[in-house]
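The next block holds one structure in the form of structure tokens; read it before the comments.
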Amino acid sequence: MSWLEVIERLTDAVNVALEVGDWSQVVTLTTDLYTAALHIGDAEFAELVQDLHWIANDALVHPVEVGRLVSP
């Protein structure tokens, strides 16, 4: 499997985890996605993935605040 295929699969998995609010899965997946992005030399994408990683991590640390932000 090529690195671009790995990135595509990880991106799909991150999207699924985001849709269901599985922040711990987002943290795990973005770690691998960040590594893959760096491997192909896409520093800009890697930086965006890193930002998402920290957002997901904050959601785990502050679940009540996040719940208020995402509730209708």
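So the values come out like this:
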| item | result |
| --- | --- |
| The stretch 49-72 residues that are loosely packed, with under 11 Cβ neighbours inside 10 Å, paired with ones that are at pLDDT 70 or above and not β-branched (V, I, T) (beta carbon under 8 Å, 6 or more apart) | V70/G21 |
| Selection count, the stretch 1-30, where residues are hydroxyl-bearing (S, T, Y), exposed (fewer than 13 other Cβ atoms within 10 Å of the Cβ) and either touching a Ser or Thr at 6+ places or on another chain (Cβ under 6 Å) or assigned to a helix (DSSP H, G or I) (or both) | 1 |
| Failed criterion for G41 (all others in (1) of a type outside the set (K, R); (2) at negative phi; (3) outside any helix (DSSP H, G or I) hold) | (2) |
| Top-ranked residue of the stretch 25-72 - restricted to ones that are modelled with pLDDT of 95 or more and polar (S, T, N, Q), ranked as nearest to S2 (Cα to Cα) | T35 |
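The values are calculated or read from the model by the stated rules, or taken from the named source; none is laboratory data. Note that the structure is a prediction, hence the values are computed from the model and not measured. Using ideal geometry, Cβ is built from the backbone for each residue, glycine included, and neighbour counts are taken over all protein chains shown.
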